[in-house]
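Student: Here it is: the structure, laid out below.
The values are calculated or read from the model by the stated rules, or taken from the named source; none is laboratory data. Keep in mind that what you see is a predicted model, and the values were worked out from it rather than measured. Cβ atoms come from the backbone with ideal geometry, glycine included; neighbour counts cover every protein chain shown. Areas reflect the complete protein model, heavy atoms only, side chains present, ligands, DNA and RNA absent. Shrake-Rupley method; radii C 1.70, N 1.55, O 1.52, S 1.80 Å.
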Amino acid sequence: MENNEDVLILAIESSCDETAAAVVKNGRSVLSNVINSQIDIHTEYGGVVPEIASRKHIENINPVIQMALDKANVTLDDITAVAVTYGPGLVGALLVGVAEAKAIAWAKKKPLVGVHHIEGHISANYIEHKDLKPPFAALVVSGGHTHLVHVKDYGCYEIIGRTRDDAAGEAFDKVARAVGLGYPGGPKIDKLAKEGNPNAIEFPRAKVDDAPFDFSFSGIKSAVLNYLNSCEMKGVEVNRADLVASFQNAVVEALVSRAIKLAEDMKLDKLALAGGVAANSALRNAMEEACTKKGIALYYPSMGLCTDNAAMIGAAAYYEYINGTRHGWDLNAVPNLKLGERV
Ligand code: KG4
Ligand code: ZN
């Protein structure tokens with residue numbers, strides 16, 4: 001039985017190609033976490049088709065929410081508040097979740113809490129690491145974002161570095177497509193790279209002048225594409241495992257060096273990884289090694305909580321809720337929502 005003091009959040013996430021709902025107790029205890037992934041549908045097209053994503057969300061959202069409630073063994077009456085990702089993401093996809101959350105909250109007279117998707121990714125770390133509390137450094141690496149964040153407190157973020165062009169996950173996906181691995185590229189590169197030599201090909205480690213915490217991945221991506229073209233022109237067979245291992249190595253090195261610099265410069269002894277690319281095994285291993293050397297405690301969510309899910313939105317929403325965040329019935333999808341921005 002739930003205690004009256006418990007805060008039970010029904011969380012909804014539909015910012016990209018996963019329709020997800022979860023019930024989370026007091027921010028850190030996941031009672032249910034249901035994900036309906038559309039990956040198989042979008043794979044046919046080599047990437048997410050926004051219009052299809054929105055339509056599938058509409059079909060899936062009610063059964064996914066019902067399943068989340070059933071698995072948690074609760075009804076809507078037991079819920080303290082309804083939370084939903086309202087940005088950033090695909091506008092049509094976000095709108096499905098936002099409209100659903102507003103409808104449930106209004107019908108059941110429950111508070112509505114809008115959550116930033118990246119705040120959700122960072123908060124995924126709270127679920128399995130009960131000891132993790134701000135302040136800490138966070139590296140957010142997903143299909144759409146690459147951010148170095150100083151998490152000063154719950155709900156209080158300062159973005160210290162960001163990508164100037166492609167996101168890390170986007171670079172993984174584009175390189176995977178170029179070498180014929182298909183979508184989504186990250187997990188496929190991760191697997192194939194295990195059979196390759198990460199030092200076989202030297203790719204550029206692009207630095208951004210006067211911005212030591214910023215990233216640039218388009219140079220690495222172009223270098224991979226040029227390498228593929230030149231091999232084709234010379235009629236040389238490409239060792240795909242070596243190629244993706246070397247690409248991955250260049251990306252991982254850029255991520256690790258800046259994340260460690262952030263923790264050291266800001267005197268933070270904790271570093272959390274977040275987002276889909278945080279599932280990358282080479283990144284985890286390299287980060288683990290670097291953090292051990294520097295005496296920094298490293299945190300990352302288990303694989304299933306790295307990629308998009310609603311449990312992470314429920315974790316973030318709990319801290320927003322107890323800090324007093326409430327949204328009105330005019331809550332809208334904000335595709336370019338900035339972290340820390342209140343709309
Ligand atoms: O966080 P996420 O599920 O969605 C966004 O908010 O973007 O991240 C998806 C991204 C994709 O680009 C995918 O290729 C990448 O995360 N990804 C990985 C791995 N698993 C997922 N990248 C590298 N290695 C992985 N194991
Ligand atoms: Zn995400």
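Student: In nm, to one decimal, how far is the Ala297 label point from the Ser281 one, both placed 7 Å along Cα→Cβ?
Tutor: Modelled inter-label distance: 2.8 nm.
Student: Do any chymotrypsin sites (Phe, Trp or Tyr not before Pro) in the stretch 1-107 lie in a loop, going by DSSP, with at most 12 other beta-carbon atoms within 10 Å of their beta carbon, and if so which?
Tutor: For chymotrypsin sites (Phe, Trp or Tyr not before Pro) across the stretch 1-107 that sit outside H, G, I, E and B with at most 12 neighbouring Cβ atoms in 10 Å, the list reads Tyr45.
Student: The stretch 140-243: which GluC sites (Glu not before Pro) are DSSP loop and have at most 16 other beta-carbon atoms within 10 angstrom? Kindly include the intermediate steps, with their values, before the conclusion.
Tutor: On the way: sites: Glu158, Glu170, Glu195, Glu202, Glu232, Glu237; in loops: Glu195, Glu202, Glu237.
Counting only loop positions with at most 16 other Cβ atoms within 10 Å, the GluC sites (Glu not before Pro) in the stretch 140-243 are Glu195, Glu202, Glu237.
Student: Another question about this same structure. Simple spin-label model, 7 Å along Cα-to-Cβ: Lys109 to Glu264 in nm?
Tutor: 5.8 nm
Student: Here's something else I'd like to know. Could you pull the accessible area for Lys294 with a 1.4 Å probe, rounded to 10 Å²?
Tutor: 110 Å²
Student: Quick one: if you stick a label point 7 Å off each Cα along the C-beta vector at Glu195 and Asp78, how many nm between them?
Tutor: 4.7 nm
Student: Now, a different point. So between Met233 and Glu341, what do we pick up on full extension, going 0.36 nm a residue minus the alpha carbon distance?
Tutor: 34.0 nm
Student: Same structure, new question: Would you mind telling me the antiparallel percentage of the DSSP bridges in the stretch 133-303, rounded to 5?
Tutor: For the stretch 133-303, the DSSP antiparallel bridge percentage is about 60.
Student: Between the helical axis of 117-128 and the dominant principal axis of the chain, each derived from Cα atoms, what acute angle in degrees is found, rounded to the nearest 10?
Tutor: In the chain, helix 117-128 runs at an angle near 80 degrees to the longest axis.
Student: Given H placed on each backbone N at 1.01 Å, which residues far from Thr163 in sequence or on other chains put an amide H within less than 5 Å of it?
Tutor: Long-range HN contacts for Thr163: Thr146, Phe215.
Student: Another question, then. State whether the stretch 249-339 is rounded, prolate or oblate according to the following rule on the C-alpha gyration tensor (a ≥ b ≥ c being the square roots of its eigenvalues): a/c under 1.5 gives rounded; otherwise a/b larger than b/c gives prolate, and the remaining case gives oblate.
Tutor: prolate
Student: Sticking with this one: Quick one: pull the percent of accessible area on the chain belonging to carbon and sulfur, 1.4 Å probe, ligands and nucleic acids left out.
Tutor: Carbon and sulfur together cover 51 percent of it.
Student: If you don't mind, there's one more thing I want to ask. If you take every DSSP beta bridge whose two residues both sit in the chain, what share of them, in percent to the nearest 5, is antiparallel?
Tutor: Antiparallel bridges make up about 60 percent of those DSSP assigns within the chain.
Student: HN-Hα J couplings of the stretch 244-254 from phi, Karplus 6.51/-1.76/1.60, θ = phi - 60°, integer Hz, Gly and Pro as x?
Tutor: Running phi through 6.51 cos²θ - 1.76 cosθ + 1.60 with θ = phi - 60° gives 6, 5, 6, 4, 4, 4, 5, 5, 4, 4, 4 Hz.
Student: Just subtract the alpha-carbon distance of Asn62 and Val208 from 0.36 nm times their residue separation and send over the number in nm, one decimal.
Tutor: Residue separation times 0.36 nm, minus the Cα-Cα distance, leaves 48.0 nm.
Student: Return the loop-located chymotrypsin sites (Phe, Trp or Tyr not before Pro) in the stretch 235-322 (DSSP other than H, G, I, E, B) with at most 15 other Cβ atoms within 10 Å of their own Cβ; answer none if there are none. Please report the intermediate quantities before stating the final value.
Tutor: Numbers: sites: Phe247, Tyr299, Tyr318, Tyr319, Tyr321; in loops: none.
Sparse-neighbourhood loop chymotrypsin sites (Phe, Trp or Tyr not before Pro): none present.
Student: I would also like to ask the following. How do Phe136, Phe213 stack up against each other in accessible area, from largest to smallest, with a 1.4 angstrom probe?
Tutor: Sorted descending by solvent-accessible area, the residues read Phe213, Phe136.
Student: With r as the distance between the Cβ atoms of Arg177 and Ser218 and R0 = 25 Å, compute the FRET efficiency 1/(1 + (r/R0)^6) and round to 0.05.
Tutor: 0.95
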